[in-house]
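In what follows, a structure is listed as structure tokens, so that the remarks can point back to it.
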Amino acid sequence: MYFPNYPRQLLPSFSVLKRTALSFLLKMTFVPLDQSFTKESEGNKGKSVILLYLASSHSCSTTFTPQLSTAPKTTSIQFNSTNNNINNSNSNSQQQQFHFISNRNMKRSPFDFLSEEIVFSILDCLQTNPLDTKSFSLVSKSFYTIESRHRRTLKPFPRTTTDHRHLKKLLTRYPSLTHLNLSNCPRVTDDCLSQISISGLKSIHVSSSMFTHVGLANLVSKCGNLVDIDLSNVVHFNDNMAAAVASCRGLQRLCLTRCKSLTDIGIGCIAVGCLNLRVLNLKWCLGVTDFGVALIGVKCKQIRSLDLSHLLITKKCLPSLLKLQYLEELVLEGCCGINDESLVSLKQGWTSLKTLNLSYCENVTHVGVSSLTSSAGCLQNLSLAYGPLVNLAVSESLQKLSKLQSIRLDGCQVTCSGLKGIGNWCVSLKELSLSKCTGVTDDGLSSIVTKHTDLKKLDITCCRKITRTSIAHITKSCGSLVSLKMESCTLVSSDAFVLIGQYCHFLQELDLTDNDVDDEGLKSVSRCSELTVLKLGICLNITDEGLIFIGNGCQKLIELDLYRSIGVTDKGISAVARGCTTLEMINISYCENITDSALISLSNCCKLNTLESRGCPLITSSGIKSIAVRCKQLAKLDIKKCINVNDTGMIPLAHFSQNLRQINLSYSSVTDVGLLYLASLGCLQSLTILHVDGLTPSGLAVTLLGCGGLTKVKLQSLFRTSLPRLVLENLEARGCVFQWRDKVFQAELDPKCWKLQTEDIE
């Protein structure tokens, strides 16, 4: 067995294969053990031989024996039903044995001798990287067939649904699907839905589509085992379509976010037909009133989670919801008709309720909160964001919630007495969010953290009155913190950030955006070896020296934000790239000293999927090429104001970046030629092109027509009249949305001046 002569770019990544039995099986051919081996030994010196012991198994791994100078390399693999690891075995094993020998003349595949269950277990190891699965399917026809039967989840590109025949062909290839996500496809029609006939399908997501009740009825009738349907933002979803959904008797989860044409009649159909619903999302369904919500309470007895955000409901429907004895999560965010009187009617409460969201309920005060909490003793998560004044009365109302673990008070006005009350009475507190709260002081915040040493997550974003005193109390008292967000805490001195690394060694997420942290602070933070997310945007005092410490100490880093941190250069980025090889997202926007050298270093981070490098004038097409060639998972690229990136940078993107979904080319030097190369990217969904001098209406029109998967395009208004009307109509018919901008060209400000202007506005 051998690899076909596929182009190298079509077989991109075998990093995972090398860590599984598959990486070896792909290179071997099968020879029975009883076949003479001695004559082949001399001819096979330096080649690989595998002894494979077959038994019922669900996973595998491999270990090598030392290489001998006079014999081929030998590996022994055992599939054991009681041990998921593969063990070295000697040649005296009584189990069935096989030899795999490198030999292109042998025609039989080793997978012919493995059960489908074992091969599927091997393929399960490839799920983290879709390119590995693609590589596997391209090896041979038999591998192609195996991968087709193994796949359970499918999320096709937008152009798949432009012709229902393409979708039919795709679904024919994958007959064992259980989850189908068409959210990338803005124009799913009745014809497309008629092609979906998979008896084992459990979940489907078809948001923002254009089908009618006829297509939806066909889907439900052909896929009778559906338990999860997401119809968010479906343009024409109405009561007739709700009636079609109601025929899905086994439905357990239904999401109807922003289905604004839905009324109480449709909700009634769903309530009567889908009696097993566990999760229902009606966020922004403005046609649903008290009557429809009451029907849910009466009929859907199994509801666990109910989202009624921004509905025009009042206290009339709430008593009916008390009949939902299994309700664990209730979201009433933005329900302006809910007030203290409404919550008083819920005094009986739910014994099962664990999460309650009353964010943006402006008419709720401590009176309503007190009446509700008196009978919700099991409540664990409470959100009052952008709601009542948090004073002593509110904190006292929380006293009865002994199991309360998470409180979100974002945007609320708080008092020192209110914070002290929370510290005294919320004995089980693990998560606290005070983002953009006015009135947070050192005294109030310190009173909470000193009494809750088990706090795991703390958000004090834009709490501009706190100082080093608060940070000292937080770090010394809450050593178990895993998330600390403190963007724009402008009164905190630079020496305070040293305390974070000294005491909070378990941090996984740290946001220091717009603070006075310096290299000494980063040196200390680098001791937080569990960090996966680090945000250092607008930190003007950090340099490469601090990033070198981060690269050496925070090797689990996945996301790094350096937006407008002007002291950073190639040296610092290279240090991060060397140490943090699992990096997936980096923002170096407006770091003007960054050059192609930094991008070449970042290309070693093969998992990189998001690169934001706008406003880096020294970056050229050469750096973009390095990222495109080696970072095959790249999905988002922002090179706005990278004036030295031209058409030559688009060629490698078109050739290698087959997962690219979003790109911003504004203020670059790309012309019609470069855009035409990008037209070959079938997965491209979002394209932004503002103030690009090398574009013409004809070149832009050809590119837009070629990108069959586009769902969002942002252009200058002058193209609105110069582009052919038929082109625009064609793209809009596919589901593409145009955004037209009149923004004039603006020269870039110095980052320090930009920060001063921002502070003046605030």
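The values are calculated or read from the model by the stated rules, or taken from the named source; none is laboratory data. All values derive from a computational prediction rather than experimental measurement. Heads up, the Cβs are rebuilt from the backbone with ideal geometry, glycines too, and the neighbour counts pull from every protein chain shown. Surface accessibility is based on the protein's heavy atoms, side chains included, excluding ligands, DNA and RNA. Shrake-Rupley method; radii C 1.70, N 1.55, O 1.52, S 1.80 Å.
A376: in contact with a His (Cβ under 6 Å, 6 or more places away or on another chain) and not in a strand (DSSP E or B), yes or no? It is false that A376 is in contact with a His (Cβ under 6 Å, 6 or more places away or on another chain) and not in a strand (DSSP E or B). Remark: pairs (first residue in region 682-701, touching a residue at least 12 places away in the same chain (Cβ under 8 Å); second residue of a type in the set (F, W, Y) and part of a helix (DSSP H, G or I); Cβ separation under 9 Å; 6+ apart in sequence or on different chains) = I689/F719; L695/F719; P697/F719; L700/F719. Scanning region 543-556 for residues that are surrounded by fewer than 23 Cβ atoms within 10 Å (Cβ to Cβ) and among the aliphatic types (A, V, I, L, M) turns up just one, I548. Among the residues of region 479-503, those identified as crowded, with 22+ Cβ neighbours inside 10 Å and not small (G, A, S) are L481, L484, M486, C489, V492, F497, I500. Only one entry of K632, K625, K636, K607 meets the criterion of being over 22 Å from the mean Cα position of the chain (by Cα), closer than 25 Å to F157 by Cβ and open to solvent by 10 Å² or more (accessible area, probe 1.4 Å), and that entry is K625. Take the residues of region 246-274 that are under 30 Å from the mean Cα position of the chain (by Cα) and among the small types (G, A, S): which is farthest from V234 (Cα to Cα)? The selected residue is G250.
If you go through region 502-511, how many residues are touching a Gly at 6+ places or on another chain (Cβ under 8 Å) and not in a helix (DSSP H, G or I)?
So in region 502-511, the residues touching a Gly at 6+ places or on another chain (Cβ under 8 Å) come out as 503-506.
Narrowing further to those that are not in a helix (DSSP H, G or I): 504-506.
Total meeting the criteria: 3.
Report whether or not T469 is among the β-branched types (V, I, T), surrounded by fewer than 21 Cβ atoms within 10 Å (Cβ to Cβ) and in a loop (DSSP other than H, G, I, E, B). Criteria not met by T469.
Considering region 132-217, the qualifying helices (runs of 4 or more DSSP H), each wholly inside and each with 3 or more residues that are open to solvent by 40 Å² or more (accessible area, probe 1.4 Å) and within 19 Å of G709 (Cα to Cα), run over 164-173. Checked against the criterion of being outside any helix (DSSP H, G or I), modelled with pLDDT of 95 or more and either within 22 Å of L599 (Cβ to Cβ) or open to solvent by 30 Å² or more (accessible area, probe 1.4 Å) (or both), region 520-527 has at least one qualifying residue.
Annotation: of all residues in region 418-451 being open to solvent by less than 10 Å² (accessible area, probe 1.4 Å) and part of a loop (DSSP other than H, G, I, E, B), the one that is farthest from E509 (Cα to Cα) is C426. Of the residues making up region 218-245, just one is in a helix (DSSP H, G or I), farther than 22 Å from N184 by Cα and either under 30 Å from the mean Cα position of the chain (by Cα) or touching a residue at least 40 places away in the same chain (Cβ under 8 Å) (or both), namely A242.
Taking residues in region 600-621 that are small (G, A, S), and partners anywhere that are assigned to a strand (DSSP E or B) and modelled with pLDDT of 95 or more, the pairs with Cβ atoms closer than 9 Å and at least 6 places apart or on different chains are S613/I586; S613/N587; S613/L637; S613/D638; S621/N644.
Looking only at region 388-397, decide whether some residue is small (G, A, S) and outside any helix (DSSP H, G or I).
Taking region 388-397 first, the residues small (G, A, S) are 393, 395, 397.
Cutting the leftovers down to outside any helix (DSSP H, G or I) gives us none.
So far as region 388-397 goes, no, none of its residues is small (G, A, S) and outside any helix (DSSP H, G or I).
Within region 278-293, can you find the residues that are open to solvent by 20 Å² or more (accessible area, probe 1.4 Å), more than 22 Å from V227 (Cβ to Cβ) and of a type in the set (A, V, I, L, M, F, W, C)? Before you say what the answer is, go through the steps one by one.
Within region 278-293, the first condition is being open to solvent by 20 Å² or more (accessible area, probe 1.4 Å), and the residues that meet it are 278-279, 281, 283-284, 286-287, 289-291.
If we keep only those that are more than 22 Å from V227 (Cβ to Cβ) too, we end up with 284, 286-287, 289-291.
Residues satisfying the conditions are W284, L286, F291.
How many residues are open to solvent by 30 Å² or more (accessible area, probe 1.4 Å), polar (S, T, N, Q) and under 17 Å from G287 (Cα atoms) when one looks only at region 247-271? Summing the residues that are open to solvent by 30 Å² or more (accessible area, probe 1.4 Å), polar (S, T, N, Q) and under 17 Å from G287 (Cα atoms) in region 247-271 gives 2.
Report the residue count in region 655-668 for those that are open to solvent by less than 70 Å² (accessible area, probe 1.4 Å), within 16 Å of S622 (Cβ to Cβ) and either in contact with a helix residue (DSSP H, G or I) (Cβ under 6 Å, 6 or more places away or on another chain) or in contact (Cβ under 8 Å) with a residue 40 or more places away in the chain (or both). Quick ask: steps written out before the conclusion?
Taking region 655-668 as the starting set, the residues that turn out to be open to solvent by less than 70 Å² (accessible area, probe 1.4 Å) are 656-657, 659-660, 663-668.
Adding the requirement that they be within 16 Å of S622 (Cβ to Cβ) leaves 656-657, 668.
Add one more test, that the residue is either in contact with a helix residue (DSSP H, G or I) (Cβ under 6 Å, 6 or more places away or on another chain) or in contact (Cβ under 8 Å) with a residue 40 or more places away in the chain (or both), and what stays is 656-657.
Residues that pass the stated criteria total 2.
Taking the criterion of being under 18 Å from Q380 (Cβ atoms), open to solvent by less than 20 Å² (accessible area, probe 1.4 Å) and assigned to a loop (DSSP other than H, G, I, E, B), the residues of region 352-364 that qualify are L353, L358, S359. Are any residues in region 316-351 in a loop (DSSP other than H, G, I, E, B), open to solvent by less than 20 Å² (accessible area, probe 1.4 Å), out of contact with any Cys (no Cβ under 8 Å at 6 or more places or on another chain) and closer than 15 Å to G368 by Cα, and if so, which ones? Answer for region 316-351, where residues must be in a loop (DSSP other than H, G, I, E, B), open to solvent by less than 20 Å² (accessible area, probe 1.4 Å), out of contact with any Cys (no Cβ under 8 Å at 6 or more places or on another chain) and closer than 15 Å to G368 by Cα: L346, G349.
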